[in-house]
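The values are calculated or read from the model by the stated rules, or taken from the named source; none is laboratory data. The structure displayed is predicted, hence computed values, not measured ones. Heads up, the Cβs are rebuilt from the backbone with ideal geometry, glycines too, and the neighbour counts pull from every protein chain shown. What goes into the accessible areas is simple: the full protein's heavy atoms, side chains included, and nothing from ligands, DNA or RNA. Shrake-Rupley method; radii C 1.70, N 1.55, O 1.52, S 1.80 Å.
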Protein chains: 2
Amino acid sequence: MLRISKLTDYATVVLAVLAEDAAAPHSAAQLADATHIALPTVSKVLKALQRGGLVASTRGARGGYQLARPAANISAVDVIDAMEGPVGLTECVTHPGSCDLEATCRSGDAWQRVNLAIRRALQDVTLLELTGRTTTGEARAVTAGQTAAEFAAALRAGTLRARTIEGGVQ
Amino acid sequence: MLRISKLTDYATVVLAVLAEDAAAPHSAAQLADATHIALPTVSKVLKALQRGGLVASTRGARGGYQLARPAANISAVDVIDAMEGPVGLTECVTHPGSCDLEATCRSGDAWQRVNLAIRRALQDVTLLELTGRTTTGEARAVTAGQTAAEFAAALRAGTLRARTIEGGVQ
DNA sequence: GCTAACAGGACTAAACTAGTCCTGTATTTT
DNA sequence: AAAATACAGGACTAGTTTAGTCCTGTTAGC
Ligand code: SF4
Ligand code: SF4
């Protein structure tokens with residue numbers, strides 16, 4: 001199935017609302033109302049996002065949450081990382097050494113590459129896209145093109161190179 | 001985390017062995033031995049792959065499993081589809097209509113696009129890559145480039161277009 | 001008829017997910 | 001100062017999914 005968790009999904013919905021009106025802080029209750037997600041759940045999501053540094057919180061009356069940085073600067077990977085931990089398709093990607101087959105298995109390297117490719121792809125999807133307002137400007141086209149090129153490179157590149165990229169990008 | 005299930009992972013390992021010597025049928029026991037995965041588990045994996053049409057099975061003595069088609073013709077998506085059902089990042093991708101938020105949520109379209117992009121990316125990773133023998137031929141580079149372009153297009157395209165592509169490709 | 005090997009499905013334990021709730025703390029308003 | 005607002009952290013539960021095993025039946029070769 002290869003799916004993201006429902007909470008991660010909710011996170012993007014909540015973030016979309018925050019992105020809409022980035023100036024003022026929004027309380028969890030307000031966001032629950034706007035998104036139609038139950039308050040305790042929204043609250044949980046927001047706490048995770050705060051820990052991940054994607055939203056800033058202010059306590060007390062008239063407090064609430066707001067984006068920690070511009071929407072254009074928050075990507076799908078960031079959201080996933082904050083909600084479920086770093087993207088890792090296989091065991092050997094997330095916890096190297098913990099898979100018994102690692103010595104003999106030769107698929108590992110390929111998965112590493114695929115993982116990286118997906119990660120890069122996700123990195124190019126910003127909150128702007130996630131809000132549903134498709135940006136069709138040329139700037140957008142350029143970044144997409146760039147990512148596509150990198151994507152091809154990542155797929156083609158050998159393991160060593162892939163790991164170097166990963167180290168530099170991660 | 002966004003991970004594939006361990007069984008899917010095993011599937012690629014098993015398929016890699018099958019790809020190595022595509023001529024003769026391999027019994028589940030043989031494959032278990034070659035991969036160091038427990039026999040019942042290998043058996044389960046193979047049954048799923050057979051149902052998915054990726055391997056062909058022969059019963060009886062001297063029977064076993066072999067690839068149903070050339071390794072170059074089996075992609076990562078095929079494996080995932082066979083093992084865990086079609087890739088679907090969100091609820092609304094796999095079961096449209098089942099999410100309560102679908103009426104108000106505007107992230108759905110974006111996830112649809114991302115989902116498609118990932119699917120296409122995975123489609124370009126064949127068993128050949130998964131066996132660990134990185135093919136660096138020009139043919140490979142070309143297909144990677146092609147996918148990259150499509151990838152960019154998919155990311156940039158509006159919902160309508162994305163859905164059209166999906167319908168045609170799926 | 002015996003044996004090798006797949007087919008199908010039942011079953012279990014463990015892990016993860018979604019969702020709720022409670023207790024505490026910071027900030028503002030009155 | 002007191003009260004109200006709102007986040008922080010974590011415990012907890014029910015439900016689902018995953019990994020892995022096992023058993024019973026069927027098919028093919030010798
Ligand atoms: S790819 Fe190979 S080494 Fe990595 S987790 Fe899967 S089986 Fe283990
Ligand atoms: S993206 Fe929106 S509509 Fe789709 S499953 Fe998530 S919340 Fe529901």
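Figures for the structure shown
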| read-out | value |
| --- | --- |
| Residue among A:Val77, A:Val87, A:Val93, A:Val125 that alone is within 16 Å of ligand 2 (Cβ to nearest atom), within 23 Å of B:Leu122 (Cα to Cα) and of a type in the set (Val, Ile, Thr) | A:Val125 |
| Qualifying positions in segment B:9-25 - outside any helix (DSSP H, G or I) and either in contact with a Ser or Thr (Cβ under 7 Å, 6 or more places away or on another chain) or crowded, with 22+ Cβ neighbours inside 10 Å (or both) | B:Pro25 |
| Among the residues listed as A:Leu2, A:Leu49, A:Leu15, A:Leu7, the single one being within 16 Å of ligand 2 (Cβ to nearest atom) and touching a Gly at 6+ places or on another chain (Cβ under 8 Å) | A:Leu2 |
| In segment B:44-74, the residues that are among the polar types (S, T, N, Q) and either surrounded by 19 or more Cβ atoms within 10 Å (Cβ to Cβ) or outside any strand (DSSP E or B) (or both) | B:Gln50, B:Asn73 |
| Residues satisfying the stated conditions in segment B:27-42, i.e. crowded, with 17+ Cβ neighbours inside 10 Å and either assigned to a helix (DSSP H, G or I) or touching an Asp or Glu at 6+ places or on another chain (Cβ under 7 Å) (or both) | B:Ala28, B:Leu31, B:Ala32, B:Ala34, B:Thr35, B:Val42 |
| Which listed residue is within 29 Å of B:Val13 (Cβ to Cβ) and within 16 Å of DNA strand D (Cβ to nearest atom), from B:Thr131, B:Thr90 | B:Thr90 |
| Flag for A:Val114 being within 16 Å of ligand 1 (Cβ to nearest atom) and modelled with pLDDT of 90 or more | no |
| Selected residue (criterion: nearest to the other protein chains (Cβ to nearest Cβ)) from residues of segment A:88-111 that are within 8 Å of ligand 1 (Cβ to nearest atom), outside any helix (DSSP H, G or I) and within 16 Å of B:Ala38 (Cβ to Cβ) | A:Cys105 |
| Where a residue in segment A:1-27 is away from chain B (no Cβ under 12 Å) and its partner, wherever it lies, is part of a helix (DSSP H, G or I) and open to solvent by 10 Å² or more (accessible area, probe 1.4 Å), with Cβ under 8 Å and at least six apart | A:Ala22/A:Ala71; A:His26/A:Val17; A:His26/A:Ala34 |
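For every residue, the table says whether it meets (1) within 11 Å of DNA strand C (Cβ to nearest atom); (2) among the hydrophobic types (A, V, I, L, M, F, W, C).
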{"site": "A:Met1", "(1), (2)": "no, yes"}
{"site": "A:Asp9", "(1), (2)": "yes, no"}
{"site": "A:Pro25", "(1), (2)": "yes, no"}
{"site": "A:Thr35", "(1), (2)": "no, no"}
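A quick yes/no check of all residues on (1) under 13 Å from the mean Cα position of the chain (by Cα); (2) under 17 Å from B:Leu122 (Cα atoms):
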residue	(1), (2)
A:Ser98	no, no
A:Leu101	no, no
A:Cys105	no, no
A:Trp111	no, yes
A:Leu116	no, yes
A:Arg119	yes, yes
A:Leu130	yes, no
